[in-house]
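Asker: Sharing a structure with you now.
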Amino acid sequence: GPPVYVDLAYLPGSWSARTVDEEFFRRVRSLCYVVSGDDHLKEGVLRPILDALLAGKRHWGTDTQVTLIPTFDSLVMHEWYQETHDRQQELGITVLGSNSTVAMQDETFPACKVEF
């Protein structure tokens, strides 16, 4: 069927992360993709997911900007970012990094703001 267009999509975590491939990104076209799941399973499949985003996005045929929002720090993400930065720019993909911290009650945590 035709692609589905959304503003925000969370990429599956745990074992379901293995289902995210180039075809997923051809069919689920989002302005923002959230990569969550700071666990050993996600780390093992993170690079293929990120490469699939690049491969799938090139089939969109539009100049739609995409923001990738990782919710955890990862060596794999850093390496991918450095190695594919030129392709990311060509395809209109921005990786959001955040050094912002939100303090609520007795807790602080990293955060970023996404506006539509």
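Asker: Quick check on the range 39-53. Is at least one of its residues farther than 26 Å from ALA111 by Cβ and open to solvent by 80 Å² or more (accessible area, probe 1.4 Å)?
Answerer: no
Asker: Looking at the range 98-116 only, could you name the residues that are part of a loop (DSSP other than H, G, I, E, B) and modelled with pLDDT of 80 or more? I'd like the intermediate steps shown before the answer.
Answerer: The first filter runs over the range 98-116 and keeps only residues part of a loop (DSSP other than H, G, I, E, B), leaving 98-100, 105-106, 111-116.
Residues satisfying the conditions are GLN105, ASP106.
Asker: What helices (runs of 4 or more DSSP H) completely inside the range 1-97 contain at least 3 residues that are under 11 Å from the mean Cα position of the chain (by Cα)? Even if it seems obvious, please write down each step before you answer.
Answerer: Numbers: elements: 22-27, 40-57, 75-91.
The helices (runs of 4 or more DSSP H) meeting that bar are 40-57.
The values are calculated or read from the model by the stated rules, or taken from the named source; none is laboratory data. On a predicted model such as this, the values are computed, not experimentally measured, just so you know. Counting neighbours? That spans all protein chains shown, and the Cβs are built from the backbone with ideal geometry, glycine included. What goes into the accessible areas is simple: the full protein's heavy atoms, side chains included, and nothing from ligands, DNA or RNA. Shrake-Rupley method; radii C 1.70, N 1.55, O 1.52, S 1.80 Å.
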